[in-house]
Amino acid sequence: MEYTTLGDTGMEVSRICLGCMSFGTSDWRDWVLDEEEGKALVDRAIDLGINFFDTANMYSNGESERVLGEALEGRREEQVVATKVYHPMDEDDPNSGGLSRKTVEQELENSLDRLGMDTVDLYQIHRWDDDTPIETTMAALDDAVRRGKVRYLGASSMWAHQFADALATSDLLGLDRFVTMQNHYNLLYREEEREMLPLCRKEGVGVIPWSPLARGWLARPHEEARSTARGASDEHAHGHPYLEGGGREVNERVQELAAEKGVKMAQIGLAWLLDKDGVDAPIVGTTSIEHLEDAVEALDVKLSASDVEYLEEPYEPVRVSGHE
Ligand SMILES: NC(=O)c1ccc[n+]([C@@H]2O[C@H](COP(=O)([O-])OP(=O)(O)OC[C@H]3O[C@@H](n4cnc5c(N)ncnc54)[C@H](OP(=O)(O)O)[C@@H]3O)[C@@H](O)[C@H]2O)c1
């Protein structure tokens, strides 16, 4: 395993982060692993040297956090655990979502309870909340750090101007700032290269892309995109513009290069991302031990400058997807 310093934190993380959206219960999404299978995947991840796990309060309505917490019991200190707040947890409770002080404080307690932990390493806002002033959210998050409940703060998909506003607000008020950006970035969706990634590089913010394999669309030929259980039913994947613009041709070039190098398509997609300046650790989602091993082996797949140019060439700008 390779490790890297996450942004400017000084904290070391594995270059592959394991996404835990696929842990919890299949009652939430039919492709989600049940408890024992999720724990087996965490065990294998730790064997492979992965020390970085990303979950959210909303995944399987909290079950993902519970499974991850149990899987890490007795060895939590060596791991870097990230979770998130924003999406509503209870449709009958309007304060179970958003980023007000009330929601942030209550949801953090709920997450820590489910994780069975006193402190979370990285607490992220899942989206921007138009209804709460950013000063309020940053103050509530900073207090959580002072109380020892959170070590570092992070953010996920939003406009670059919003992220710049959040960073400037913390600096102005002398509060802890966001140290990571968890954004939608992969070979089939590169809109983040325009504004967000240069901002993160300038500010020393660590980048941990979500859906690095375009929810599977980079891991198999595009004609087979819907051939797996998740491919057939993952509405979010169908909504992203992965096959728009030059997407089909990018997918075909990934197939071609994978065959040429004798590696898997997923490994080409991850090698491309791992090579990008400022990207610390893609957050890989999988329900399979073999696919987890593929991800770790992608660290050994090296792309030449001409490989990268060939993979990138067909891409055309597409509509923004992942936040609005
Ligand atoms: N912040 C946000 O808004 C946000 C949004 C989405 C996701 N996330 C985070 O990002 C993580 C990853 O997201 P994701 O699951 O959408 O991402 P992904 O890694 O792009 O895609 C996962 C899909 O790719 C397939 N796959 C993975 N490795 C493969 C391989 N070697 N060969 C063939 N297929 C392979 C998986 O199938 P198998 O299950 O069969 O391996 C699964 O269907 C989540 O768990 C979550 O932590 C965050």
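The values are calculated or read from the model by the stated rules, or taken from the named source; none is laboratory data. Note that the structure is predicted; figures quoted are calculated from it, not measured. All Cβ positions, even for glycine, are placed from backbone atoms using ideal geometry, and neighbour counts span all protein chains on display. Surface accessibility is based on the protein's heavy atoms, side chains included, excluding ligands, DNA and RNA. Shrake-Rupley method; radii C 1.70, N 1.55, O 1.52, S 1.80 Å.
Looking at this structure, is residue 185 among the aromatic types (Phe, Trp, Tyr), modelled with pLDDT of 95 or more and open to solvent by less than 20 Å² (accessible area, probe 1.4 Å)?
So residue 185 passes the test.
Residue by residue through region 214-230, note down the ones that are among the aliphatic types (A, V, I, L, M) and touching a helix residue (DSSP H, G or I) at 6+ places or on another chain (Cβ under 7 Å).
218, 219, 225, listed by residue number.
Would you point out which residue out of 118, 142, 171, 165 is more than 21 Å from the chain's Cα centre (by Cα) and open to solvent by less than 20 Å² (accessible area, probe 1.4 Å)?
Numbers: 118 fails: open to solvent by less than 20 Å² (accessible area, probe 1.4 Å); 171 fails: open to solvent by less than 20 Å² (accessible area, probe 1.4 Å); 165 fails: open to solvent by less than 20 Å² (accessible area, probe 1.4 Å).
Going through 118, 142, 171, 165 in turn, just one is more than 21 Å from the chain's Cα centre (by Cα) and open to solvent by less than 20 Å² (accessible area, probe 1.4 Å): 142.
Just one of 303, 292 is surrounded by 17 or more Cβ atoms within 10 Å (Cβ to Cβ), more than 8 Å from the ligand (Cβ to nearest atom) and either on the phi > 0 side of the Ramachandran plot or modelled with pLDDT of 95 or more (or both); which is it?
Numbers: 292 fails: more than 8 Å from the ligand (Cβ to nearest atom).
Answer to the selection: 303.
For residue 76, state whether it is without any contact (Cβ under 8 Å) to a residue 60 or more places away in the chain and open to solvent by 40 Å² or more (accessible area, probe 1.4 Å). Before the answer, list the steps.
Working: without any contact (Cβ under 8 Å) to a residue 60 or more places away in the chain: yes; open to solvent by 40 Å² or more (accessible area, probe 1.4 Å): yes.
It is true that residue 76 is without any contact (Cβ under 8 Å) to a residue 60 or more places away in the chain and open to solvent by 40 Å² or more (accessible area, probe 1.4 Å).
Got a sec? Which helices (runs of 4 or more DSSP H) wholly within region 202-287 have at least 2 residues that are under 15 Å from residue 187 (Cβ atoms) and in contact (Cβ under 8 Å) with a residue 24 or more places away in the chain? Explain how you work it out, then say what you get.
Details: elements: 229-233, 235-239, 247-261, 265-274.
In region 202-287, the matching helices (runs of 4 or more DSSP H) lie at 247-261, 265-274.
Please state which one of 45, 56 is within 11 Å of the ligand (Cβ to nearest atom), touching a residue at least 40 places away in the same chain (Cβ under 8 Å) and crowded, with 20+ Cβ neighbours inside 10 Å. Show your work before the answer.
On the way: 45 fails: within 11 Å of the ligand (Cβ to nearest atom).
None of the other options fit; the residue is 56.
How many residues are under 16 Å from the mean Cα position of the chain (by Cα) and open to solvent by 50 Å² or more (accessible area, probe 1.4 Å) if we restrict to region 230-275?
Looking only at that region, the number is 1.
Mind listing whichever residues of region 155-196 are in a strand (DSSP E or B), farther than 18 Å from residue 123 by Cα and among the small types (Gly, Ala, Ser)?
Selection gives nothing.
Give region 120-154 a look and list any residue that's assigned to a strand (DSSP E or B) and hydroxyl-bearing (Ser, Thr, Tyr), or say none.
Quick first cut of region 120-154, residues assigned to a strand (DSSP E or B) only: 120-125, 150-154.
Result: 123, 152.
Using the structure shown, decide if residue 67 is touching a Gly at 6+ places or on another chain (Cβ under 6 Å), surrounded by 23 or more Cβ atoms within 10 Å (Cβ to Cβ) and among the hydrophobic types (A, V, I, L, M, F, W, C). Show your work before the answer.
On the way: touching a Gly at 6+ places or on another chain (Cβ under 6 Å): yes; surrounded by 23 or more Cβ atoms within 10 Å (Cβ to Cβ): yes; among the hydrophobic types (A, V, I, L, M, F, W, C): yes.
So residue 67 passes the test.
Can you name every residue in region 307-324 that is open to solvent by 90 Å² or more (accessible area, probe 1.4 Å) and over 24 Å from the mean Cα position of the chain (by Cα)?
Answer for region 307-324, where residues must be open to solvent by 90 Å² or more (accessible area, probe 1.4 Å) and over 24 Å from the mean Cα position of the chain (by Cα): 309, 313.
Residue check: is residue 101 closer than 21 Å to residue 68 by Cβ, of a type outside the set (S, T, N, Q), in contact with a helix residue (DSSP H, G or I) (Cβ under 8 Å, 6 or more places away or on another chain) and open to solvent by 50 Å² or more (accessible area, probe 1.4 Å)?
Criteria not met by residue 101.
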